[in-house]
1. Given the conditions (1) open to solvent by 60 Å² or more (accessible area, probe 1.4 Å); (2) outside any helix (DSSP H, G or I), and given that Lys33 satisfies all but one, which numbered condition is not satisfied?
2. Based on what the data block shows, is Ala7 assigned to a helix (DSSP H, G or I), in contact with a Cys (Cβ under 7 Å, 6 or more places away or on another chain) and open to solvent by less than 30 Å² (accessible area, probe 1.4 Å)?
3. From (1) open to solvent by less than 30 Å² (accessible area, probe 1.4 Å); (2) in contact with a strand residue (DSSP E or B) (Cβ under 7 Å, 6 or more places away or on another chain), pick out the condition that doesn't hold for Arg56.
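The values are calculated or read from the model by the stated rules, or taken from the named source; none is laboratory data. Please read all numbers here as calculations on a predicted model, not as lab measurements. Every residue, glycine as well, gets a Cβ built from its backbone with ideal geometry; the counts of neighbours run over all protein chains shown. Surface areas here come from the heavy atoms of the whole protein model, side chains and all, with no ligands, DNA or RNA. Shrake-Rupley method; radii C 1.70, N 1.55, O 1.52, S 1.80 Å.
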Amino acid sequence: MGLGRLALDQILPAFAECRHARPVALISGDSAKYRAIAARYGITADACYDYASIGRIRDNAAIEAVYVVTPNALHRDNVIAAARTEASMCCVKNPWRLLLQRCRTWSRPAMMLVVC
């Protein structure tokens with residue numbers, strides 16, 4: 001979630017070095033940007049979401065983690081938006097009790113929320 005400098009210059013390129021992880025979806029407020037980035041990383045158009053359509057990530061079984069890479073001031077709202085998708089997530093590195101409680105009750109523990 002988020003396609004700013006950190007995501008584009010460091011995180012997404014680092015996935016090229018990963019053996020066990022790859023980007024399978026993008027979330028951004030700029031559709032032109034996420035289409036261009038998706039093409040570069042082999043992500044299908046139907047796996048690109050804007051902030052208004054984030055609820056659709058629940059239907060994408062390929063998503064096992066949501067990596068929030070937005071400005072710190074937006075983290076809380078972005079994390080809550082991802083959690084409200086009703087996708088089953090385990091939350092990592094966040095201070096919000098609401099999300100930790102939801103982690104204990106979700107049925108698909110393979111999905112994780114990572115905040116940078």
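1. The single condition Lys33 does not satisfy is (2).
2. No, not satisfied.
3. Here Arg56 clears every test but (1).
Listed here are the residues, each with its yes/no results for (1) of a type in the set (Gly, Ala, Ser); (2) at pLDDT below 55.
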position: Lys33; (1), (2): no, no
position: Thr44; (1), (2): no, no
position: Ser53; (1), (2): yes, no
position: Ile63; (1), (2): no, no
position: Ala83; (1), (2): yes, no
position: Cys91; (1), (2): no, yes
position: Gln101; (1), (2): no, no
